[in-house]
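For reference, the structure discussed in these notes is given below.
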Amino acid sequence: MYYRQLTNTTFSVGAVDWNRRLFDELIPLPDGTSYNAYIVRGSEKTALVDTVDPTMADVLLENIGRLGIDRIDYIIANHAEQDHSGTLPQVMERYPESSIMVTPKGKTLLEDLLRIPGNRILSAEDGTVISLGDRNLELIHTPWVHWPETMVTYNREDRILFSCDFFGSHLATSGLWASAEPAVYEAAKRYYAEIMMPFRTVIRKNMEKIGGLDIAMIAPSHGPVYDNPSSILDAYRDWISDSVRNEVVLPYISMHGSTQHMVNYFIDALVTRGVMVKPFNLVSTDLGELAMALVDAATIVIGSPTVLTGPHPLVVSAAYIANMVRPKARFASIIGSYGWGGKMVEQLSGMLTGLKATFLEPVIAKGLPTEETFRALDRLANEIQEKHGSIMV
Ligand SMILES: Cc1cc2nc3c(=O)[nH]c(=O)nc-3n(C[C@H](O)[C@H](O)[C@H](O)COP(=O)(O)O)c2cc1C
Ligand SMILES: [Fe+2]
Ligand SMILES: [Fe+2]
């Protein structure tokens, strides 16, 4: 993508990756992504904020060249992950006078992950201000969004917050501005669910920390630039809040139909009690959709048959991910079926210890569900309805 202009002195010089469909070899990218990098040209010095994934190094270098830049003084590395740092070696080679500015933790990570020589890296304390002449960039440490070394950079004069992954979205667009892309809200929620949700508590602190800044634009390292920053800040406040929705997320598998039968009955049992349900048949579930549903659901119920004494492997994978992203679900349970015996419930519940949820009694059928199974599912639906009623305001 040709460079685009944010202000008189700030340019988006990164790359749009229309075709990428998987991130970290795990996360589906239905809408591609972008690796945003920004040039800030002060009256005396020039800074590059972040780089791009090494697969697209040529786009970044070409855009910097198009701007006629022959000297970069500072390369600010807000984050050491390779989709933003991976092109640092090429930029440093092309611009030998440049120094990298990172947090102290970032310095170690860049040395370890990319073997960048330590003498080219300056570690910046929280609140360091870099003067470019008529523009000043403040480096603000915001750890754990989503690595220990992360920081954001604030352009004081143009009031732009370069937030890197924080507030990002995996969304490839030709337009620069979020206000012209209605899809950005969904993409940002997906991104939050997949990448940021485990750090909900620390995000609160980081949000407070940047809360005092006067921000005209948030320029993240993935997806469009927020020219209406309150929209994404409000969305984040909602996602990180403790409030949950009257909703059950129901990931499940059924090999021969028994668990499916239970799931079908259970969906109706919940809906007739006024509880919303999001079922996910894990045969064909996009894990991002599942993570997104977990952002605000009050309850997660996992459905599995018993396979070689434990849960179905696809359920294991989904449960592992649900546990890893640490959603704010308050209640959890398990439903499913077995033929002769095993430890499906014990194994599955043992995998969900990261959830700070109260476990409700599981419903397990031997083979096809019976009338007794359906009464037990009614009991579970009643319990969920009551529990939700007690926590909703
Ligand atoms: C490959 C395979 C392995 C299984 N292993 C077990 C097992 O270890 N213990 C058990 O009780 N049932 C086992 N079963 C039986 C299923 O758990 C049982 O048929 C259950 O009702 C299937 O539920 P579903 O119809 O929702 O797939 C196994 C079934 C299959 C196909
Ligand atoms: Fe990252
Ligand atoms: Fe990233």
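The values are calculated or read from the model by the stated rules, or taken from the named source; none is laboratory data. Keep in mind the model is a prediction, meaning the values are calculated, not measured. Using ideal geometry, Cβ is built from the backbone for each residue, glycine included, and neighbour counts are taken over all protein chains shown.
Of the residues making up region 67-102, not one is surrounded by fewer than 20 Cβ atoms within 10 Å (Cβ to Cβ), touching a residue at least 60 places away in the same chain (Cβ under 8 Å) and not in a loop (DSSP other than H, G, I, E, B). Looking across Ile121, Ile116, Ile130, one residue alone is within 15 Å of Asp50 (Cβ to Cβ), touching a Lys or Arg at 6+ places or on another chain (Cβ under 7 Å) and more than 16 Å from ligand 1 (Cβ to nearest atom). It is Ile121. With (1) under 25 Å from Met56 (Cα atoms); (2) touching a helix residue (DSSP H, G or I) at 6+ places or on another chain (Cβ under 6 Å) as the list, and Trp144 as the residue in question, which single condition is left unmet? With respect to (1) under 25 Å from Met56 (Cα atoms); (2) touching a helix residue (DSSP H, G or I) at 6+ places or on another chain (Cβ under 6 Å), Trp144 is out only on (1). For region 121-133, the set of residues classified as free of Cβ contacts under 8 Å to residues at least 40 places away in the same chain and in contact with a Ser or Thr (Cβ under 6 Å, 6 or more places away or on another chain) consists of Leu122 only.
Yes or no, residue by residue, for (1) more than 16 Å from Thr173 (Cβ to Cβ); (2) part of a helix (DSSP H, G or I); (3) in the same structural domain as Tyr320 (by TED's automatic domain parsing); (4) away from ligand 2 (no atom under 16 Å from the Cβ):
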position	(1), (2), (3), (4)
Ala187	no, yes, no, no
Ala193	yes, yes, no, no
Phe199	yes, yes, no, no
Ile203	yes, yes, no, no
Gly223	no, no, no, no
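Kindly check whether there is at least one residue in region 260-272 that is of a type in the set (Gly, Ala, Ser), more than 30 Å from Trp177 (Cα to Cα) and part of a helix (DSSP H, G or I). Within region 260-272 (the criterion being of a type in the set (Gly, Ala, Ser), more than 30 Å from Trp177 (Cα to Cα) and part of a helix (DSSP H, G or I)), the answer is yes, since at least one residue qualifies.
A quick yes/no check of all residues on (1) of a type in the set (Gly, Ala, Ser); (2) touching a strand residue (DSSP E or B) at 6+ places or on another chain (Cβ under 9 Å):
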site	(1), (2)
Leu109	no, yes
Leu113	no, no
Glu125	no, yes
His146	no, no
Thr153	no, yes
Ser163	yes, yes
Ala172	yes, yes
Ala178	yes, yes
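What's the number of the only condition in (1) at positive phi; (2) in a strand (DSSP E or B) that Val40 fails to meet? Among (1) at positive phi; (2) in a strand (DSSP E or B), Val40 violates only (1).
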